[in-house]
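First comes the structure, then the notes that go with it.
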């Protein structure tokens with residue numbers, strides 16, 4: 001998954017996200033900081049939303065079922081991982097991956113999961129806090145080993 005793919009994907013789903021929220025085109029354009037004409041062009045498939053607007057959609061509509069169905073559990077986590085190529089810091093509480101994630105490995109108090117839709121990897125601790133996120137499996141496996149050895153398997 002890369003920026004171009006996400007921009008195209010969100011552009012294709014923008015009308016559904018807008019209608020799911022009960023917004024008119026005028027209100028949605030205002031929320032996103034674009035003209036109504038630009039929004040109409042995106043919704044008709046004549047142009048693609050830019051990266052900045054895609055990130056805004058993922059931030060402002062992160063609880064959208066439409067967004068979650070195309071990007072997985074955490075739309076913001078997906079765009080942040082794509083933007084930075086990885087996230088490597090304790091990030092905060094997640095829902096634990098009960099729906100959109102499959103368990104890849106578990107070591108000590110850490111577990112490696114893969115998103116079923118975006119296919120990116122993340123490492124959570126036993127409290128469901130996010131510690132690392134990347135699209136590279138080898139990097140995720142190496143970071144899991146590092147976290148376990150740094151923390152002795154526990155926090």
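The values are calculated or read from the model by the stated rules, or taken from the named source; none is laboratory data. Worth saying up front: this structure is predicted, and the values here are computed from it rather than measured. As a convention, Cβ positions derive from the backbone with ideal geometry for all residues, glycine included, and neighbour counts pool all protein chains shown.
Brief remarks follow.
- Pairs where the first residue, in the range 50-70, is touching a residue at least 60 places away in the same chain (Cβ under 8 Å) and the second is not in a helix (DSSP H, G or I), C-beta under 8 Å, 6+ apart: 70/117
- Whichever residue in the range 88-128 is under 15 Å from residue 2 (Cα atoms) and at pLDDT below 85 and, among such residues, is farthest from the chain's Cα centre (by Cα): 117
For every residue, the table says whether it meets (1) buried (at least 17 other Cβ atoms within 10 Å of the Cβ); (2) assigned by TED's automatic domain parsing to the domain that holds residue 133; (3) within 21 Å of the chain's Cα centre (by Cα); (4) within 14 Å of residue 70 (Cα to Cα).
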position	(1), (2), (3), (4)
8	no, no, yes, yes
11	yes, no, yes, yes
25	no, no, no, no
29	yes, no, no, no
33	no, no, no, no
39	yes, no, no, no
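- Out of 85, 46, one residue alone is surrounded by fewer than 17 Cβ atoms within 10 Å (Cβ to Cβ) and over 26 Å from residue 129 (Cβ atoms). It is 46.
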